[in-house]
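What follows is a single structure, written as structure tokens, with notes after it.
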Amino acid sequence: MNKTYISTRNQQDEINFYQAIVQGIGNDGGLLVPNFELQKLDLKQLSTLNYVDLATEVISTFVPEEGKALINDACKKAYGSGLFPEVVVPVKKAGDVYVAELFHGQTAAFKDMALSLLPHLMTLSLKQLKEDREVMILAATSGDTGKAALEGFKNVPGTCIKVFYPLDGVSSIQQQQMVSQTGNNVKVIGIKGNFDDAQSAVKVAFGDENLKAVSDQHHVFLSSANSINVGRLIPQIVYYFHSYFELVRQNEIQLGDQVNFCVPSGNFGNCLAGWFAKNMGLPVNKFIAASNKNNILTDFFATGKYDANREFYKTNAPAMDILVSSNLERLVWFMSGKDGGKVKSYMDKLKENGVYEVDDETFARIQDQFKAGYLNEQQVLDTIKECYNTTGYLLDTHTACGYGVLKEYQKASGDQTKTVLLSTASPYKFPESVYQAIYGETLDVYEAIEKLNEKTGVEIPQPLVGIKDRPVLHKTHIDKSEIIPFIQSEMEKM
Ligand SMILES: *Cc1c(COP(=O)(O)O)cnc(C)c1O
């Protein structure tokens, strides 16, 4: 089978996996999607594999056949010994909910699952394509992508990385993690604007004719580390299979039983990866997408209408403070019968009027598989407290959105399918909120970490130990309107 990728907006020639990784985004502004049927995998065969081998089997279905050895090599480098714990994604129990902890990587972010691998996919792709230009990676971040991408790409030959984060739009821990980043090819820039501003400027940069000319002149090209890159999406499929097999190993389910997945969602890359897993043979009943007060996804899954004309809230679950949920475009493409013309018309409407509505048939397909809900800030705090008091499990603010939405869904639907809740952050990433939720007291961030650890006994992730004392190395702050000129001046230095 010829495994090629096209754009969700239909106006890009077919390219192969390596080109898709390097290019990052469709050259018509759409997102790259596999132009082939996803391969069904044999559950029994996969169920006994370790994480590296499982990742190899899953990911290599997306590359040309001869690429499997390369993928295996990349997976060993990303997920091999020392970089993650023995069980890469531990699955724990909080009452009757199974919590898959995705935060045991290099930066204590769930993004590590993909961003530990992406640089290796990038270098192998550059090699396959005999590309000798430097690649400049751009990433907009609502917190965790930035750090995970910096850590992944630091000192990788042939690459440099620029990370844009909204000032005041990320947690103090996340900011400190980023601005203390070492590496000879990294830059971290604070933006006076919100996450959507940063993300849209980065998207615009890819299509900017002037930048293109400058980059050609300086023998450099742009790529993306955001979940618009298929290299971010595909590695995330693995932990759905892995979590499922963990439940089998723990004798909670039998191979073949259906489960639900509940996913705290922002850009929707995580949840979409789960849907890919389902289409590759994983027995999934429903996906439940959880949001915070920025509940645009909740409304979309309830009505089929995506309406970005609404207020943007800064919440205590900031990684999900998003109104433009990029990966939804991929879901809509699949659910509309891979109709790029239709998707393009929706995205044009979104751009012009801030709103689009999918047709009835597409919506019916979506509603059949996806449920959604959201929690406001007070509910997030209440949920953290209730979960801790009743189960002893310590949730972060994002995972709390998932937990609360799941409980509501179970109550309303009566659905008793066993459910895996994906935990996207350690509680120590948002210690002030978590501490306040349980003990009612507002503490300074570092004091909150210490006290939380003292009182709950939950271990502080290694990447966050001693973070307070790391020197600030990145102090650049610019306006959102200066992002493109900034990128240009960076190119001109190359
Ligand atoms: C990125 C992130 C999310 C959202 O994931 P998407 O794949 O963008 O939907 C949720 N929680 C945390 C903590 C994150 O860092």
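The values are calculated or read from the model by the stated rules, or taken from the named source; none is laboratory data. Everything numeric in this text was worked out from a predicted model, so none of it was measured. Because the Cβ atoms are built from the backbone with ideal geometry, glycine has one as well, and the counts that use them run over all protein chains shown. Note: areas computed on protein heavy atoms with side chains; ligands, DNA, RNA excluded. Shrake-Rupley method; radii C 1.70, N 1.55, O 1.52, S 1.80 Å.
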For the residue pair Lys351 and Met494, what label-to-label distance in nm results when each label sits 7 Å from Cα along the Cα-to-beta-carbon direction?
2.4 nm
In whole angstrom, the spacing between the Cα centers of region 212-280 and region 287-356 equals 18 Å
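Order the following by accessible area, largest value first: Ser413, Ser433. Probe radius 1.4 Å; ligands, DNA and RNA are ignored. Mind showing how you got there, number by number?
Numbers: Ser413 60, Ser433 25 Å².
Greatest to least solvent exposure: Ser413, Ser433.
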Could you tell me what a quarter of the Cα convex hull surface of region 337-494 works out to, in nm² with one decimal place?
15.7 nm²
Of the cross-linked pairs Lys44/Lys371; Lys286/Lys407; Lys293/Lys480; Lys314/Lys418; Lys147/Lys468, which ones have a Cα-Cα span greater than 22 Å in the structure shown?
Lys44/Lys371; Lys293/Lys480; Lys314/Lys418
Selection of GluC sites (Glu not before Pro), region 434-494, meeting DSSP coil and at most 16 other Cβ within 10 Å:
Glu441, Glu459
Tell me the net charge near Asn309. Cut-off is 15 Å between Cβ atoms, Asn309 excluded, with +1 for each Lys or Arg and -1 for each Asp or Glu.
-2
So with the 1.4 Å probe, I'd like the accessible area per residue for the chain, rounded to whole Å².
38 Å²
What chymotrypsin sites (Phe, Trp or Tyr not before Pro) does region 24-99 have in DSSP loop regions with at most 14 other beta carbons within 10 Å?
Phe36
Which one, Leu473, Val445, Cys387, is farthest towards the positive end of the dipole of region 379-494 when Lys and Arg carry +1 and Asp and Glu -1 on their Cβ?
Cys387
Share of alpha-carbon pairs per 10 Å distance bin for the chain, given as whole %:
4, 21, 33, 29, 12, 2, 0
Once phi is turned into ³J(HN,Hα) by the Karplus curve 6.51 cos²θ - 1.76 cosθ + 1.60 with θ = phi - 60°, what whole-Hz value does each residue of region 403-412 show in order, with x for glycine and proline?
4, x, 5, 4, 4, 4, 4, 4, 5, 6
Residue by residue through region 195-206, which ³J(HN,Hα) values in whole Hz follow from phi under the Karplus form 6.51 cos²θ - 1.76 cosθ + 1.60 (θ = phi - 60°), with glycine and proline marked x?
4, 4, 4, 5, 5, 5, 4, 5, 5, 5, 4, 5
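Check each of the GluC sites (Glu not before Pro) in region 14-98 and keep only those in coil by DSSP with at most 11 other C-beta atoms within 10 angstrom; list them in order. Working shown, then result.
Details: sites: Glu14, Glu37, Glu57, Glu65, Glu66, Glu86; in loops: Glu14, Glu37, Glu86.
Listed in order of number, the matching sites are Glu37, Glu86.
When the accessible area of the chain is computed with all protein chains present and a 1.4 Å probe, what percentage of it is carbon and sulfur?
Details: 8460 of 18660 Å².
Looking at the chain in its full context, I get 45 percent from C and S.
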What longest region of the chain stays clear of trypsin sites (Lys or Arg not before Pro) that DSSP places outside H, G, I, E and B and that have at most 12 other Cβ atoms within 10 Å?
131-474
Total charge of the residues flanking His477 in space, meaning their Cβ is under 15 Å from its Cβ, with Lys and Arg +1 and Asp and Glu -1, is +1
If you take the charge dipole of region 301-352 about its Cα centre, with +1 on Lys and Arg Cβ and -1 on Asp and Glu Cβ, which of Val343, Ile322, Tyr306 is farthest toward its positive end?
Val343
